[in-house]
Amino acid sequence: MLICKEGLSNKEKRFVLNILENTVDLYSDFYVTKDNIRIGIRENSDILFKYLGKGDVIAYEEDNEAGIGLVTGWSDGSARKYVKILTKDEHLASNLLKIINWNANIDLFAKLKKNNPLIKVFQRNGYSFKGDRGSEILLMRQYIYHPQKEYKKDEEGE
């Protein structure tokens, strides 16, 4: 089952740590930027957990330790929310993007190395080219309103 949420329990943190330790970031695209410095998330899991505690969103498959997705930018109030995917499994990457896209009610961005094969996965999931950044490209997925989400909330009394 796919999970998309803010914050993590201690058990979930151990699960995510295992993914970080066992999944190689081949293209160095799984990072956050702080004060114009790129910080690798795999090597700095404390930053990941800090950001998740402040509102960033994580996605993972409950029974699959092959990768995770992250929406970052909530915790620092950034105007752009970036999607970061750490997996070499294109099918899992697509599933993570689908759950992130469904649960995010904002425009989403992704910055990937031009030789990263996940670019195709992002494009198949509604992300379009927005700009060239030297060795990277900027992709964007415009938010699509889902009336079913509003209906569900109304039924739950929220």
Given the conditions (1) modelled with pLDDT of 95 or more; (2) buried (at least 17 other Cβ atoms within 10 Å of the Cβ); (3) assigned to a helix (DSSP H, G or I), and given that L112 satisfies all but one, which numbered condition is not satisfied?
(3)
The condition of being loosely packed, with under 14 Cβ neighbours inside 10 Å, on the phi < 0 side of the Ramachandran plot and either aromatic (F, W, Y) or not in a helix (DSSP H, G or I) (or both) holds, among E43, E21, E65, only for E43
L96 fails exactly one of (1) within 11 Å of the chain's Cα centre (by Cα); (2) at pLDDT below 95, namely (2)
Would you pick out the residues in region 4-18 that are within 27 Å of G77 (Cβ to Cβ), touching a residue at least 12 places away in the same chain (Cβ under 8 Å) and out of contact with any helix residue (DSSP H, G or I) (no Cβ under 8 Å at 6 or more places or on another chain)?
K5
Quick one: is N103 over 23 Å from P117 (Cα atoms), touching a strand residue (DSSP E or B) at 6+ places or on another chain (Cβ under 6 Å) and at pLDDT 95 or above?
no
Taking region 68-95 only, how many residues are under 14 Å from Y31 (Cα atoms) and either in a strand (DSSP E or B) or among the aliphatic types (A, V, I, L, M) (or both)?
12
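The values are calculated or read from the model by the stated rules, or taken from the named source; none is laboratory data. Keep in mind that this is a model prediction, so the values were computed, not measured. FYI the Cβ positions are ideal-geometry reconstructions off the backbone, even for glycines, and counts take in every protein chain you see.
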